[in-house]
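Asks: A single structure is presented below for examination.
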Amino acid sequence: MKRYASRKEQFLSKNFYNLKADLDDLPKPPLNPQTKEPLKPEDLAPIFPEGFIQQEGSMERYISIPEEVQEAYSVYRPTPLVYASELKKYLDTPAHIFFKYEGVGPTGSHKSNTAIAQAYLAAQEGVETLTTETGAGQWGSALSHAGSIFGLKVKVFMVRISFRQKPGRRIMMEMFGGNVEESPSDHTEAGRKFFAQDKDHPGSLGIAISEAVELAVKNNTAKYSLGSVLDSVMMHQSVIGQEADKQMQELGAEPDTVIGCVGGGSNYAGLAFPFVRKRIVENKEIKFIAVEPKVCPTLTKGNLKYDHGDSVGMTPLLYMFTLGMDFIPPPIHAGGLRYHGMAPLVSHLAKKEIIEARAYKQTKIFKAAKVFLKTEGILPAPESSHAVAAAIDEAVEAKEKNQERVILFNLSGHGFLDINAYDR
């Protein structure tokens, strides 16, 4: 048992990695929505816990992970790094394909990495309730679970189309003690604006964010928690890439292609950013591919500009690729990728052409998911299937060019609770 524990300990991260410390130039700063001046830490105080605000503005390369958070992580981390031998055989490719499997987390996705960290910071400050939004339900599930660990109430506004398509996620949130509402709802001013137009409005992450932020601002015992987009969230997710790096080193392998799906950017940044450091600091030749839905093409069709993260204009203005705060995406099954904006740090890397963005149709990603299920025995979440599809494309190209590549992608969540999406 001691030997097993020490082997596990070998791969666990003691620190979060902050990419900003290694960038020559930074994205433009967020702006106060009222004054349009650069955001000050005190401007965020009505919304976020103080500890979270400090991490958001930090320029330290590494920030220590509190022992209580490490202990919560150790239940499921390190997550497996898997060599996709059957997929390789099926594709008959010289490429070596690895995937980091975050689906073994407590709620089946990577979201617990930041949910646990944020719930801990809030509990340390005496916060009683965390409010949030969720698309497909992975983030809402993760925060509800994290709240149960640290004794917090969690209020979740779930995008209506996902609430109705994915009842399993709602049930999981409620089992952890979370309180879940369809969004847009008639419980907030932000929600009523859209609910009045259509009580069956499909909703969007932007609308749900507006509702959650409004509730937090109006309640002095509550704070808001965001599962993607912000710098500190990218930092919390860096445990994925740091582990993957150590695991690949033990195997004597090094990726030349790193792939992930992108909605707000958290799972992608979590895997990619530690490897981006290798490219910009160590001059490693690594290709980075970020894949999004063709009907919500934030990186491939959006504009790089200041925009609100929500649909009402309550949140700070972020300099990011965006389709516009009023954009309502079609009700595709990859609900976690139906967001109008992109993390400023991911947007910054895309602008600098360090990241290559691609957009795939839903039919293509479901086809890739079926291939992956038949070969590797795992049903991916519809979001993660975008990464699977890109990995297959890269492996097929390697076969056509007779190149021995090393491909690493993030399988950021399982699709067991998305089975109705595959049925439809």
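Asks: Looking only at the range 34-46, which residues are buried (at least 18 other Cβ atoms within 10 Å of the Cβ) and either outside any loop (DSSP other than H, G, I, E, B) or assigned by TED's automatic domain parsing to the domain that holds Y306 (or both)?
Replies: D43, L44
Asks: Pairs, please: C-beta under 7 Å, at least 6 apart or cross-chain, first residue under 24 Å from V262 (Cβ atoms) and in the range 136-152, second among the acidic types (D, E)?
Replies: A136/E383
Asks: Looking at A381 and the list (1) touching a Lys or Arg at 6+ places or on another chain (Cβ under 9 Å); (2) surrounded by 24 or more Cβ atoms within 10 Å (Cβ to Cβ), which single condition is not satisfied?
Replies: Only one criterion is unmet by A381, namely (1).
Asks: Checking the condition among the small types (G, A, S) and in contact with a Gly (Cβ under 9 Å, 6 or more places away or on another chain), which residue from A398, A390, A359 passes?
Replies: A390
Asks: A further question on this structure: State whether one or more residues within the range 81-95 are within 28 Å of T129 (Cβ to Cβ) and buried (at least 19 other Cβ atoms within 10 Å of the Cβ).
Replies: No, the range 81-95 has no match at all.
Asks: Now for a different question. Would you check which residues across the range 410-424 are touching a Ser or Thr at 6+ places or on another chain (Cβ under 8 Å) and either assigned to a strand (DSSP E or B) or of a type in the set (K, R) (or both) and list them? It would help to see each step written out before you state the result.
Replies: Residues of the range 410-424 that are touching a Ser or Thr at 6+ places or on another chain (Cβ under 8 Å), as a first pass: 410-415.
Those that are touching a Ser or Thr at 6+ places or on another chain (Cβ under 8 Å) and either assigned to a strand (DSSP E or B) or of a type in the set (K, R) (or both): N410, L411, G413, H414.
Asks: Separate question: Taking the conditions exactly as written (within 27 Å of P382 (Cβ to Cβ), assigned to a loop (DSSP other than H, G, I, E, B) and touching a helix residue (DSSP H, G or I) at 6+ places or on another chain (Cβ under 9 Å)), does P255 satisfy them or not?
Replies: yes
Asks: Right, next: For G336, which of the numbered conditions (1) modelled with pLDDT under 80; (2) over 17 Å from the mean Cα position of the chain (by Cα); (3) not hydrophobic (A, V, I, L, M, F, W, C) fails to hold?
Replies: Result: G336 fails condition (2) only.
Asks: For the range 166-183, which positions are surrounded by fewer than 21 Cβ atoms within 10 Å (Cβ to Cβ) and either part of a helix (DSSP H, G or I) or at pLDDT below 90 (or both)?
Replies: P167, G168, I171, E174, M175
Asks: Just checking, how many residues over the range 63-83 are over 17 Å from S109 (Cα atoms) and touching a Gly at 6+ places or on another chain (Cβ under 6 Å)?
Replies: Of the residues in that region, 0 qualify.
Asks: Please find, within the range 277-319, the residue that is farthest from V239 (Cα to Cα) out of those that are of a type in the set (A, V, I, L, M, F, W, C), touching a Leu at 6+ places or on another chain (Cβ under 7 Å) and touching a residue at least 60 places away in the same chain (Cβ under 8 Å).
Replies: Top of the filtered list is L317.
Asks: Could you figure out which of (1) touching a residue at least 24 places away in the same chain (Cβ under 8 Å); (2) closer than 27 Å to I419 by Cα; (3) in a helix (DSSP H, G or I) isn't true of D393?
Replies: (1)
Asks: In the range 356-373, is there at least one residue being under 20 Å from S112 (Cα atoms) and either modelled with pLDDT under 95 or crowded, with 23+ Cβ neighbours inside 10 Å (or both)?
Replies: no
Asks: I've got another one for you. Among the residues of the range 398-405, is any of a type in the set (G, A, S), under 16 Å from E86 (Cα atoms) and assigned to a helix (DSSP H, G or I)?
Replies: Filtering the range 398-405 for residues of a type in the set (G, A, S) gives 398.
With under 16 Å from E86 (Cα atoms) added as a condition, the list becomes none.
For the range 398-405, residues of a type in the set (G, A, S), under 16 Å from E86 (Cα atoms) and assigned to a helix (DSSP H, G or I): absent.
The values are calculated or read from the model by the stated rules, or taken from the named source; none is laboratory data. Every value quoted in this text rests on a predicted model; they were computed, and no experiment measured them. Here Cβ is always computed from backbone atoms with ideal geometry, including for glycine, and neighbour counts include all displayed protein chains.
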